[in-house]
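In what follows, a structure is listed as structure tokens, so that the remarks can point back to it.
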Amino acid sequence: MATTTTTLSTFEDALDSLGVDCTRTTVEAFATTLDGIVRDPAVGVPLPFNIEYPESVAVDPTAADLERAATGVTPASLGVANYGSVLLPSTADGTEPVSLYPELHVPVVRASDVVPGLPEAIDHFGEVAGDRAESTIVATGPSATADMGALVLGAHGPETVHVVMLDE
Amino acid sequence: MSNSTDTDDKAAEIRRLMATEGSAIEENTKGFNEKRKQAVTGLENYEELRTRAREIKEDAIDRLPELIEDLRASIEENGGHLYLADDAADANRYVREVVAEENADRVVKSKSMTTEELDVNDALEADGIDVVETDLGEWVVQLADETPSHLIAPAIHRSRESIADLFAETFDPEDPPETADELTGFARERLGELIRDADVGMTGANFVTADTGTMALVTSEGNARKCAVTPDTHIAVAGVEKVVPSTDDLSPFLELLARSGTGQDLTAYVSLLTPPVDSPTLDFDDDETPLSERDSDREFHLVLVDNGRMAMREDDQLRETLYCIRCGQCSNSCANFQHVGGHGFGGETYSGGIGTGWEAGVEGLDTAAEFNDLCTGCSRCVNGCPTKIDIPWINTVVRDRVNRGEAPEGTDFLVEGLTPDEEPGGLDIDKRLFGNFETLAKLGSATAPVSNWLADTAPARWALERVAGVDTRRDLPEFERETLVDWFDRRASTVPDPTREVVLYPDVYTNHVQVERGKAAVRALEALGVSVRVPSVPSSGRAPLSQGMIATAEDHAHDVYGRLAEHIDAGRDVVVIEPSDLAMFDREYERFLPEASVERLQAHSYEIMEYVYGLLENGADAAALRGGDEAVAYHAHCQQRTLGLDAHTVTVLEDLGYDVVTSDVECCGMAGSFGYKSDYYDLSMDVGDDLAEQFTATDTRDREVVASGTSCLEQLDALLSRRPTHPIQLVAPR
Ligand code: SF4
């Protein structure tokens, strides 16, 4: 999939207007970059990319670790440029709970996996849903509620999202 | 039935809601509505998406039985269960069985209107199950033992302060939370603990795809995600209408739903779950097993609920309701809803304009009848419905069916003879009176001014209120002795070499009451070089239609078309002063007349100021009209705005040199007969206050007030000390 520079800058702008930080990094610099982003204690789901986690992140945590964690790092299978969304596949190693329970969620998405719009992302999802009965979450910014009289970030899910965009 | 006890109760309940819940509802719904307008303006292919969404729903509901079988196959292949429940009792029985099999003590739920419809919570609680609503708004409603006041924002009727009071009373915490942040934190913590060791998670579903067995859940807080994956058993409950053919169909709905509802581009989370999901089961006490080594042994049940929907599918008039994706737009954009909320403008479960269709289909006509009158047919919701549902029409149909229902014992003979309609005997007297306004007006003009004197006497007003529910605080229309048609007949037309020929449609009000604006229209058109005729044409049927008298309205449509067709054939344009009558031609006549007829009528009908605009654009001499540099405040009519015809008036006035400020309220509150009815007088005035406020602000209070609609003019007259006029009276030569 060819991701153009306009698509990437649209993605970055959309994240910015959602109040989501985005750090772009390379395979080599990944561990250092992530180190500077996570809050302790941090847990992470194994990443299907050719990269190493830093020491600061406990990879493949137990559920008890997860409950104590302040940061959850997970892969994102796609980014959606115009909405600033990331797709979080419900994997057997726990992308869903790790992206949901800690107060800071750090999704890692490859720059080449950012698509222009929602229809493209849903097309892609449709294939894996059909073939492998996959599930995914289209996550756009932090969890939010306006039910208590004003907009509050961090309702049941993370209060902060920090996207790491990876150039491979 | 407008007997005085009912009326007192209803009026008192509306006053109570306005006083207690009105201000929170108003602030929130107006906020959503404004944000929606901005959000859809920013969406380039908005209309395309609406068209696509509509097509998908039409096709899905058409093929529903087949899609449900496809869905069953998909879900079973994935390892889940599908149960098709006939009604609420059947659905609740199945849910209770699943919960019992899991030996569950606690069920955690995310927001689902369908489970509200079923009263699942009551059914489970009767089995001793602890049922916890985890959506923050829904939790508030559960704690307060209330019902949701809005389709998507259940606690929209409560202010932050009242939620703080509720938490303080319920939990008596040491350090009571007060700010929105603190309240949210408090709720998150409590609910987090309850979710942590719940046994079953229940969610709704916004869409379910037949091809893959995927459900889309549109949420913001993250509680639905937690409910779906934290317990090992997930029960999703959805109406059968939620099934769409394929995942390919999801994106138009997802792009429209949040924008239409709250004005967000997308909500924080769209869960696309193809259950049972692969996520590991969670036991937060497990400090040994890495997540990747835990099993993902999960149970999934989808309960698809019929509960009246399959019958709605067979019902040509109610079927459209099933296309509703419950975005809440028709509540947010509704002036009456903005003031009373879903506890007044709602039934057992569903609220707002489309609530009528849902309640009629799911609960029955009685429940729908209780709040159906609150839809005034203003049509402000129509252009914002993501699936293009004609919401006012559904309300009209339900009103018609309610009218045809039981005949209440009453005093029908009192209005017999005044009411030559096609409607059955059971019709409420107020509806019959307003629906036959044309007959009254004829009689009123024929006997004016005596009719006006008599109508305004105390005994007559008392009788009108007692018998027909006409509020004594309203001024009654004053009938002119000489109608517009009679006036026109007696004068010779004076245009030598006309550029065009026009038939000026003499709507009932212009013909009998606001005759001056009709005369102004004739003068303006003639001054612009157009020859005018004002033949006697029956009323459009708007008045009976707004009372739900569909058969009568349809008769009018045939008569009106019959009278106008020959003029159209002779090359004459039809010019209409009253926007609600033009809206009849443009919208409702499509349901009454053959396609070719209605298209012909529509192609040749114009609103008066739209027509003036066209004449000026095509070279007519603006100097023939009265220009000025006066400052005016203009209120367009609701239906005129839905038709996109308000801008023409503003442009004409500005081109003539006037300095124009426009109102931006959805409706003046009068809405035909609505504001005359004792039940609704207070609400009507409350809605009108928004407009009054805009027109008494520093920069508007000295402006001359102009308005296009009859009702708006009457309402403005009641609200302001200045006397408003129709824009054509401002610009017509004297
Ligand atoms: S009828 Fe249309 S506008 Fe109203 S809630 Fe349903 S989808 Fe939304």
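The values are calculated or read from the model by the stated rules, or taken from the named source; none is laboratory data. A quick note: this is a predicted structure, and the numbers were derived from the prediction, not measured. Virtual Cβ from ideal backbone geometry, glycine too; neighbours counted across all protein chains shown.
Could you tell me whether segment B:134-141 includes any residue that is assigned to a strand (DSSP E or B) and either more than 9 Å from every other protein chain (Cβ to nearest Cβ) or modelled with pLDDT under 95 (or both)? Taking every residue of segment B:134-141 in turn, none turns out to be assigned to a strand (DSSP E or B) and either more than 9 Å from every other protein chain (Cβ to nearest Cβ) or modelled with pLDDT under 95 (or both). A count restricted to segment B:306-360 and to residues that are within 11 Å of the ligand (Cβ to nearest atom) and either of a type outside the set (Gly, Ala, Ser) or surrounded by fewer than 22 Cβ atoms within 10 Å (Cβ to Cβ) (or both) stands at 17.
Out of B:Arg491, B:Arg523, B:Arg517, one residue alone is out of contact with any Gly (no Cβ under 7 Å at 6 or more places or on another chain), part of a helix (DSSP H, G or I) and more than 20 Å from B:Glu438 (Cα to Cα). It is B:Arg523.
Restricting attention to segment B:244-274, the residues that are within 7 Å of chain A (Cβ to nearest Cβ), away from the ligand (no atom under 16 Å from the Cβ) and not polar (S, T, N, Q) add up to 8. On the given criteria, is B:Arg380 near the ligand (Cβ under 9 Å from one of its atoms) and either within 14 Å of the chain's Cα centre (by Cα) or assigned by TED's automatic domain parsing to the domain that holds B:Val240 (or both)? Against the criterion (near the ligand (Cβ under 9 Å from one of its atoms) and either within 14 Å of the chain's Cα centre (by Cα) or assigned by TED's automatic domain parsing to the domain that holds B:Val240 (or both)), B:Arg380 does not qualify. Candidates B:Gly669, B:Gly657, B:Gly644, B:Gly688: the one that is outside any strand (DSSP E or B) and either buried (at least 24 other Cβ atoms within 10 Å of the Cβ) or among the polar types (S, T, N, Q) (or both) is B:Gly669.
Taking each residue of segment B:160-188 that is of a type in the set (Asp, Glu) and looking for partners that are part of a helix (DSSP H, G or I) with beta-carbon atoms closer than 6 Å, six or more apart or interchain, yields B:Glu178/B:Ala164.
Quick one: in segment B:178-202, of everything that is in contact with a helix residue (DSSP H, G or I) (Cβ under 9 Å, 6 or more places away or on another chain) and more than 11 Å from chain A (Cβ to nearest Cβ), which residue is surrounded by the most Cβ atoms within 10 Å (Cβ to Cβ)? Step through it out loud before you land on a result.
Step one: list which residues in segment B:178-202 are in contact with a helix residue (DSSP H, G or I) (Cβ under 9 Å, 6 or more places away or on another chain), which gives B:178-180, B:182-184, B:186-188, B:190-192, B:195-196, B:198-202.
Filter again for more than 11 Å from chain A (Cβ to nearest Cβ), leaving B:190, B:198-202.
Details: B:Arg190: 16, B:Ala198: 24, B:Asp199: 17, B:Val200: 26, B:Gly201: 25, B:Met202: 32.
Among them, the one singled out is B:Met202.
Residue pairs whose Cβ atoms lie under 7 Å apart, separated by 6 or more positions or on different chains, with the first residue in segment A:30-43 and among the polar types (S, T, N, Q) and the second part of a strand (DSSP E or B), are A:Thr33/A:Thr23; A:Thr33/A:Thr25; A:Thr33/A:Val164.
For the structure I just gave you, tell me whether B:Tyr94 is farther than 26 Å from A:Arg132 by Cα, assigned by TED's automatic domain parsing to the domain that holds B:Arg298 and aromatic (Phe, Trp, Tyr). Against the criterion (farther than 26 Å from A:Arg132 by Cα, assigned by TED's automatic domain parsing to the domain that holds B:Arg298 and aromatic (Phe, Trp, Tyr)), B:Tyr94 qualifies.
Can you tell me how many residues within segment B:276-295 are more than 7 Å from chain A (Cβ to nearest Cβ) and either buried (at least 17 other Cβ atoms within 10 Å of the Cβ) or within 30 Å of the chain's Cα centre (by Cα) (or both)? Of the residues in segment B:276-295, 3 are more than 7 Å from chain A (Cβ to nearest Cβ) and either buried (at least 17 other Cβ atoms within 10 Å of the Cβ) or within 30 Å of the chain's Cα centre (by Cα) (or both). Within segment B:4-54, the residues that satisfy the criterion of being buried (at least 16 other Cβ atoms within 10 Å of the Cβ) and modelled with pLDDT under 90 are B:Thr7, B:Lys10, B:Ala11. Residue-level check: of (1) over 27 Å from B:Ser23 (Cβ atoms); (2) β-branched (Val, Ile, Thr); (3) away from the ligand (no atom under 16 Å from the Cβ), B:Thr179 misses just (1). Among the residues that make up segment B:173-181, is at least one of them touching a Pro at 6+ places or on another chain (Cβ under 6 Å) and either at pLDDT 95 or above or acidic (Asp, Glu) (or both)? No, there is no match, as no residue in segment B:173-181 is touching a Pro at 6+ places or on another chain (Cβ under 6 Å) and either at pLDDT 95 or above or acidic (Asp, Glu) (or both). Report yes if some residue within segment B:114-133 is within 14 Å of chain A (Cβ to nearest Cβ), buried (at least 17 other Cβ atoms within 10 Å of the Cβ) and not in a helix (DSSP H, G or I); otherwise report no. Yes, segment B:114-133 contains a residue that is within 14 Å of chain A (Cβ to nearest Cβ), buried (at least 17 other Cβ atoms within 10 Å of the Cβ) and not in a helix (DSSP H, G or I).
For segment B:364-373, the criterion of being aliphatic (A, V, I, L, M), surrounded by fewer than 22 Cβ atoms within 10 Å (Cβ to Cβ) and either outside the structural domain of B:Arg542 (by TED's automatic domain parsing) or within 16 Å of the ligand (Cβ to nearest atom) (or both) is satisfied by at least one residue.
The condition (being modelled with pLDDT under 95 and either away from the ligand (no atom under 14 Å from the Cβ) or more than 14 Å from chain A (Cβ to nearest Cβ) (or both)) is satisfied by just one residue among B:Asp390, B:Asp412: B:Asp412.
Residues are listed down the side, and each one gets a yes or a no for (1) outside any loop (DSSP other than H, G, I, E, B); (2) in contact with an Asp or Glu (Cβ under 9 Å, 6 or more places away or on another chain):
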{"residue": "B:Val574", "(1), (2)": "yes, no"}
{"residue": "B:Asp586", "(1), (2)": "yes, no"}
{"residue": "B:Ser597", "(1), (2)": "yes, no"}
{"residue": "B:Tyr613", "(1), (2)": "yes, yes"}
{"residue": "B:Asp629", "(1), (2)": "no, yes"}
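Comparison of B:Ser531, B:Ser493, B:Ser539, B:Ser546 shows that the only residue that is among the small types (Gly, Ala, Ser), in the same structural domain as B:Pro724 (by TED's automatic domain parsing) and farther than 19 Å from B:Val575 by Cα is B:Ser546.
For segment A:104-138, which residues satisfy the criterion of being charged (D, E, K, R), crowded, with 21+ Cβ neighbours inside 10 Å and either free of Cβ contacts under 8 Å to residues at least 24 places away in the same chain or facing chain B (nearest Cβ under 9 Å) (or both)? Within segment A:104-138, just A:Glu134 meets the criteria. Against the test of being aromatic (Phe, Trp, Tyr) and surrounded by fewer than 24 Cβ atoms within 10 Å (Cβ to Cβ), the options B:Phe207, B:Phe167 yield a single qualifying residue, B:Phe167.
When B:Val303 is tested against (1) farther than 29 Å from A:Ala133 by Cα; (2) more than 7 Å from chain A (Cβ to nearest Cβ), exactly one condition is not met: (1).
Consider segment B:223-243 and keep the residues that are within 7 Å of chain A (Cβ to nearest Cβ) and farther than 25 Å from A:Glu120 by Cβ. The one that is farthest from the chain's Cα centre (by Cα) is B:Val229.
Conditions (1) within 7 Å of chain B (Cβ to nearest Cβ); (2) crowded, with 24+ Cβ neighbours inside 10 Å; (3) not basic (Lys, Arg), marked per residue:
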site	(1), (2), (3)
A:Ser56	no, no, yes
A:Val73	no, yes, yes
A:Val80	no, yes, yes
A:Ala92	yes, no, yes
A:Val98	no, yes, yes
A:Tyr101	no, yes, yes
A:Asp147	yes, yes, yes
A:Ala150	yes, no, yes
A:His156	yes, yes, yes
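Can you report the number of residues in segment B:69-100 which are surrounded by 13 or more Cβ atoms within 10 Å (Cβ to Cβ) and outside any helix (DSSP H, G or I)? Matching residues across segment B:69-100 total 8.
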